[in-house]
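Here is the structure we will look at.
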(Lines give C-alpha, C1' and ligand atoms only; values in the text may rest on other atoms or scores of the structure.)
Protein backbone atom coordinates (compact mmCIF):
# COMPACT_ATOMS: atom_id res chain seq x y z
CA UNK A 1 0.00 0.00 0.00
CA UNK A 2 1.26 3.48 -0.86
CA UNK A 3 0.39 6.96 0.44
CA UNK A 4 -2.08 9.24 -1.30
CA UNK A 5 -0.03 11.35 -3.73
CA UNK A 6 -0.69 15.03 -4.45
CA UNK A 7 1.46 16.69 -7.13
CA UNK A 8 1.93 20.39 -6.35
CA UNK A 9 3.43 22.92 -8.77
CA UNK A 10 3.63 26.65 -9.37
CA UNK A 11 3.89 27.80 -12.97
CA UNK A 12 3.24 30.66 -15.36
CA UNK A 13 0.05 30.75 -17.43
CA UNK A 14 1.99 29.35 -20.40
CA UNK A 15 3.22 26.40 -18.35
CA UNK A 16 6.80 27.29 -17.43
CA UNK A 17 8.20 26.38 -14.01
CA UNK A 18 11.24 28.61 -14.43
CA UNK A 19 11.49 32.39 -14.67
CA UNK A 20 8.43 32.94 -12.51
CA UNK A 21 7.98 35.18 -9.51
CA UNK A 22 7.83 32.78 -6.57
CA UNK A 23 5.15 33.14 -3.90
CA UNK A 24 6.55 30.69 -1.36
CA UNK A 25 4.27 31.46 1.58
CA UNK A 26 1.12 31.29 -0.56
CA UNK A 27 2.43 28.24 -2.43
CA UNK A 28 2.78 26.26 0.80
CA UNK A 29 -0.30 27.78 2.44
CA UNK A 30 -2.86 26.56 -0.11
CA UNK A 31 -2.48 22.94 1.02
CA UNK A 32 -2.88 23.74 4.71
CA UNK A 33 -5.51 21.47 6.19
CA UNK A 34 -4.80 18.59 3.81
CA UNK A 35 -2.95 16.67 6.56
CA UNK A 36 0.11 16.06 4.41
CA UNK A 37 2.79 13.96 6.13
CA UNK A 38 5.72 14.39 3.75
CA UNK A 39 7.09 16.19 0.72
CA UNK A 40 9.01 14.37 -2.03
CA UNK A 41 11.47 16.24 -4.23
CA UNK A 42 14.79 15.69 -6.02
CA UNK A 43 18.29 17.07 -5.50
CA UNK A 44 18.16 19.44 -8.49
CA UNK A 45 14.89 21.00 -7.32
CA UNK A 46 15.95 21.44 -3.69
CA UNK A 47 19.34 22.91 -4.66
CA UNK A 48 17.62 25.51 -6.85
CA UNK A 49 15.33 26.63 -4.01
CA UNK A 50 15.62 30.02 -2.33
CA UNK A 51 16.02 29.11 1.32
CA UNK A 52 14.54 31.54 3.81
CA UNK A 53 15.21 32.33 7.43
CA UNK A 54 12.84 30.94 10.02
CA UNK A 55 9.59 32.74 10.68
CA UNK A 56 7.06 32.05 13.42
CA UNK A 57 4.33 32.25 10.78
CA UNK A 58 5.63 28.99 9.30
CA UNK A 59 4.84 26.84 12.33
CA UNK A 60 1.81 25.32 10.58
CA UNK A 61 3.99 23.93 7.79
CA UNK A 62 6.98 22.45 9.59
CA UNK A 63 5.55 19.09 10.67
CA UNK A 64 6.12 17.45 7.27
CA UNK A 65 9.00 15.11 6.52
CA UNK A 66 11.22 16.09 3.59
CA UNK A 67 12.21 13.24 1.24
CA UNK A 68 14.91 13.96 -1.36
CA UNK A 69 15.88 11.72 -4.27
CA UNK A 70 19.66 12.06 -4.49
CA UNK A 71 21.13 8.85 -5.87
CA UNK A 72 24.11 10.75 -7.34
CA UNK A 73 25.04 12.33 -4.01
CA UNK A 74 24.82 15.94 -5.18
CA UNK A 75 23.85 17.58 -1.90
CA UNK A 76 26.86 18.85 0.05
CA UNK A 77 27.24 18.89 3.82
CA UNK A 78 26.70 22.66 3.81
CA UNK A 79 23.51 22.26 1.76
CA UNK A 80 22.18 19.54 4.07
CA UNK A 81 22.68 21.78 7.09
CA UNK A 82 20.81 24.59 5.32
CA UNK A 83 18.01 22.20 4.35
CA UNK A 84 17.60 20.88 7.89
CA UNK A 85 17.39 24.44 9.26
CA UNK A 86 14.41 25.37 7.09
CA UNK A 87 11.00 25.57 8.72
CA UNK A 88 8.97 24.48 5.70
CA UNK A 89 9.48 20.90 6.96
CA UNK A 90 10.71 19.11 10.09
CA UNK A 91 14.39 18.57 10.91
CA UNK A 92 14.43 14.83 10.08
CA UNK A 93 14.82 14.62 6.28
CA UNK A 94 15.22 11.38 4.34
CA UNK A 95 17.46 10.83 1.32
CA UNK A 96 16.66 8.22 -1.35
CA UNK A 97 19.77 6.51 -2.74
CA UNK A 98 20.73 3.41 -4.73
CA UNK A 99 23.55 0.89 -5.00
CA UNK A 100 25.38 3.25 -7.36
CA UNK A 101 25.41 6.10 -4.82
CA UNK A 102 29.02 6.84 -3.76
CA UNK A 103 29.98 5.25 -0.43
CA UNK A 104 31.49 8.55 0.74
CA UNK A 105 28.10 10.17 0.33
CA UNK A 106 26.41 7.48 2.42
CA UNK A 107 29.05 7.99 5.10
CA UNK A 108 28.33 11.73 5.02
CA UNK A 109 24.61 11.07 5.51
CA UNK A 110 25.38 8.89 8.54
CA UNK A 111 27.69 11.57 9.94
CA UNK A 112 24.94 14.19 9.58
CA UNK A 113 22.34 11.80 11.04
CA UNK A 114 20.32 11.90 7.81
CA UNK A 115 18.15 8.82 7.34
CA UNK A 116 18.16 7.23 3.90
CA UNK A 117 16.20 4.72 1.86
CA UNK A 118 18.50 2.56 -0.26
CA UNK A 119 17.12 0.87 -3.36
CA UNK A 120 18.15 -2.74 -3.93
CA UNK A 121 19.29 -1.94 -7.48
CA UNK A 122 20.90 0.97 -9.33
CA UNK A 123 17.65 2.77 -10.22
CA UNK A 124 15.04 4.69 -8.25
CA UNK A 125 11.76 2.76 -8.29
CA UNK A 126 9.21 5.34 -7.20
CA UNK A 127 6.42 2.89 -6.38
CA UNK A 128 8.81 1.11 -3.99
CA UNK A 129 9.88 4.41 -2.43
CA UNK A 130 6.24 5.27 -1.75
CA UNK A 131 5.53 1.86 -0.21
CA UNK A 132 8.56 2.18 2.09
CA UNK A 133 7.49 5.66 3.16
CA UNK A 134 4.06 4.30 4.08
CA UNK A 135 5.33 1.20 5.88
CA UNK A 136 8.46 2.48 7.64
CA UNK A 137 7.76 6.21 8.06
CA UNK A 138 3.97 6.15 8.51
CA UNK A 139 3.41 8.52 5.57
CA UNK A 140 -0.26 8.41 4.54
CA UNK A 141 -0.36 11.49 2.33
CA UNK A 142 2.58 12.95 0.41
CA UNK A 143 3.08 16.06 -1.69
CA UNK A 144 5.29 15.93 -4.78
CA UNK A 145 7.30 19.11 -5.32
CA UNK A 146 9.67 18.22 -8.12
CA UNK A 147 10.51 18.71 -11.78
CA UNK A 148 8.87 17.35 -14.90
CA UNK A 149 10.90 14.14 -15.08
CA UNK A 150 9.92 12.84 -11.63
CA UNK A 151 6.36 14.09 -12.16
CA UNK A 152 6.25 12.30 -15.50
CA UNK A 153 7.46 9.02 -14.04
CA UNK A 154 4.86 9.18 -11.29
CA UNK A 155 2.02 10.03 -13.67
CA UNK A 156 3.00 7.45 -16.28
CA UNK A 157 3.05 4.78 -13.58
CA UNK A 158 -0.38 5.78 -12.25
CA UNK A 159 1.04 6.89 -8.90
CA UNK A 160 -0.61 10.33 -8.64
CA UNK A 161 -4.06 10.87 -7.14
CA UNK A 162 -4.45 14.65 -7.31
CA UNK A 163 -2.71 17.59 -9.01
CA UNK A 164 -2.53 21.04 -7.44
CA UNK A 165 -1.48 23.93 -9.69
CA UNK A 166 -0.76 27.50 -8.56
CA UNK A 167 -0.83 29.71 -11.66
CA UNK A 168 1.19 32.91 -11.55
CA UNK A 169 -0.31 35.70 -13.72
CA UNK A 170 2.46 36.00 -16.29
CA UNK A 171 3.37 34.80 -19.77
CA UNK A 172 7.05 33.90 -19.90
CA UNK A 173 7.47 32.83 -23.51
CA UNK A 174 10.68 31.35 -24.86
CA UNK A 175 11.50 27.66 -24.91
CA UNK A 176 12.09 25.54 -21.85
CA UNK A 177 12.15 21.90 -20.82
CA UNK A 178 11.34 22.99 -17.28
CA UNK A 179 7.66 22.08 -17.29
CA UNK A 180 5.42 20.14 -14.93
CA UNK A 181 5.08 16.94 -16.97
CA UNK A 182 7.76 15.32 -19.14
CA UNK A 183 6.99 11.95 -20.73
CA UNK A 184 9.13 11.28 -23.78
CA UNK A 185 7.63 7.81 -24.20
CA UNK A 186 4.08 9.15 -24.61
CA UNK A 187 3.28 8.80 -28.31
CA UNK A 188 -0.37 7.71 -28.32
CA UNK A 189 -3.49 9.76 -27.59
CA UNK A 190 -4.82 6.84 -25.56
CA UNK A 191 -1.99 7.37 -23.05
CA UNK A 192 -2.87 10.99 -22.25
CA UNK A 193 -3.36 11.62 -18.52
CA UNK A 194 -6.99 12.65 -18.08
CA UNK A 195 -8.13 14.84 -15.19
CA UNK A 196 -11.33 15.86 -13.41
CA UNK A 197 -11.64 19.36 -11.94
CA UNK A 198 -11.93 19.18 -8.15
CA UNK A 199 -11.67 22.84 -7.12
CA UNK A 200 -10.68 26.27 -8.42
CA UNK A 201 -9.98 29.37 -6.35
CA UNK A 202 -8.95 32.94 -7.01
CA UNK A 203 -6.21 34.04 -4.61
CA UNK A 204 -4.50 37.35 -3.92
CA UNK A 205 -2.31 39.09 -6.52
CA UNK A 206 -4.39 37.61 -9.39
CA UNK A 207 -3.11 34.10 -8.67
CA UNK A 208 -5.34 31.11 -9.51
CA UNK A 209 -5.25 27.76 -7.72
CA UNK A 210 -6.53 24.71 -9.61
CA UNK A 211 -7.06 21.27 -8.08
CA UNK A 212 -7.63 18.17 -10.22
CA UNK A 213 -8.28 14.50 -9.56
CA UNK A 214 -6.39 12.10 -11.81
CA UNK A 215 -8.83 9.80 -13.58
CA UNK A 216 -7.91 6.15 -13.08
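Assess whether residue 186 counts as being within 21 Å of residue 71 (Cβ to Cβ) and either at pLDDT 95 or above or surrounded by fewer than 17 Cβ atoms within 10 Å (Cβ to Cβ) (or both). Spell out how you get there, then give the answer.
Numbers: within 21 Å of residue 71 (Cβ to Cβ): no; either at pLDDT 95 or above or surrounded by fewer than 17 Cβ atoms within 10 Å (Cβ to Cβ) (or both): yes.
No, not satisfied.
For the range 133-216, list the strands (runs of 3 or more DSSP E) that sit wholly inside it and hold at least 1 residues that are within 12 Å of residue 8 (Cα to Cα) and under 21 Å from the mean Cα position of the chain (by Cα); which are they?
Values: elements: 141-144, 162-168, 195-202, 208-214.
The qualifying strands (runs of 3 or more DSSP E) are 141-144, 162-168, 208-214.
Yes or no, residue by residue, for (1) surrounded by 15 or more Cβ atoms within 10 Å (Cβ to Cβ); (2) over 30 Å from residue 101 (Cα atoms):
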site	(1), (2)
3	yes, no
9	yes, no
15	yes, yes
19	no, yes
25	no, yes
35	no, yes
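When you go through 143, 175 one by one, which is the residue that is out of contact with any helix residue (DSSP H, G or I) (no Cβ under 9 Å at 6 or more places or on another chain) and over 27 Å from residue 116 (Cα atoms)? Give the derivation first.
On the way: 143 fails: over 27 Å from residue 116 (Cα atoms).
Of 143, 175, the one residue that is out of contact with any helix residue (DSSP H, G or I) (no Cβ under 9 Å at 6 or more places or on another chain) and over 27 Å from residue 116 (Cα atoms) is 175.
Using the structure shown, decide if residue 152 is crowded, with 16+ Cβ neighbours inside 10 Å, more than 15 Å from residue 43 (Cβ to Cβ), free of Cβ contacts under 8 Å to residues at least 60 places away in the same chain and out of contact with any strand residue (DSSP E or B) (no Cβ under 6 Å at 6 or more places or on another chain).
Values: crowded, with 16+ Cβ neighbours inside 10 Å: yes; more than 15 Å from residue 43 (Cβ to Cβ): yes; free of Cβ contacts under 8 Å to residues at least 60 places away in the same chain: yes; out of contact with any strand residue (DSSP E or B) (no Cβ under 6 Å at 6 or more places or on another chain): yes.
Yes: the conditions hold for residue 152.
Out of the range 158-172, which residues are farther than 23 Å from residue 204 by Cα and in contact with a helix residue (DSSP H, G or I) (Cβ under 7 Å, 6 or more places away or on another chain)?
Within the range 158-172, 159, 160 meet the criteria.
Being free of Cβ contacts under 8 Å to residues at least 60 places away in the same chain and out of contact with any strand residue (DSSP E or B) (no Cβ under 9 Å at 6 or more places or on another chain) is the filter; apply it to the range 155-178 and report the residue that is surrounded by the most Cβ atoms within 10 Å (Cβ to Cβ). I'd like the intermediate steps shown before the answer.
Just the residues of the range 155-178 that are free of Cβ contacts under 8 Å to residues at least 60 places away in the same chain, to begin with: 156-158, 175, 177.
Still in the running and out of contact with any strand residue (DSSP E or B) (no Cβ under 9 Å at 6 or more places or on another chain): 156-157, 175, 177.
Details: 156: 17, 157: 11, 175: 5, 177: 11.
Looking at residues that are free of Cβ contacts under 8 Å to residues at least 60 places away in the same chain and out of contact with any strand residue (DSSP E or B) (no Cβ under 9 Å at 6 or more places or on another chain), I get 156.
Give the residues of the range 62-83 that are free of Cβ contacts under 8 Å to residues at least 12 places away in the same chain and either part of a helix (DSSP H, G or I) or touching a helix residue (DSSP H, G or I) at 6+ places or on another chain (Cβ under 8 Å) (or both), sorted by residue number.
First pass over the range 62-83, keeping only residues free of Cβ contacts under 8 Å to residues at least 12 places away in the same chain: 76, 78.
Hit for the range 62-83 is 78, nothing else.
Considering only the range 89-104, how many residues are closer than 16 Å to residue 42 by Cα and either crowded, with 20+ Cβ neighbours inside 10 Å or touching a helix residue (DSSP H, G or I) at 6+ places or on another chain (Cβ under 8 Å) (or both)?
Total meeting the criteria: 7.
Going by what's in this entry, would residue 40 be described as on the phi < 0 side of the Ramachandran plot and crowded, with 17+ Cβ neighbours inside 10 Å?
Working: on the phi < 0 side of the Ramachandran plot: yes; crowded, with 17+ Cβ neighbours inside 10 Å: yes.
So residue 40 fits the description; yes.
The values are calculated or read from the model by the stated rules, or taken from the named source; none is laboratory data. These figures come from a predicted structure and were not determined experimentally. In this analysis, Cβ positions are derived from the backbone assuming ideal geometry, glycine residues included, and neighbour counts consider all displayed protein chains.
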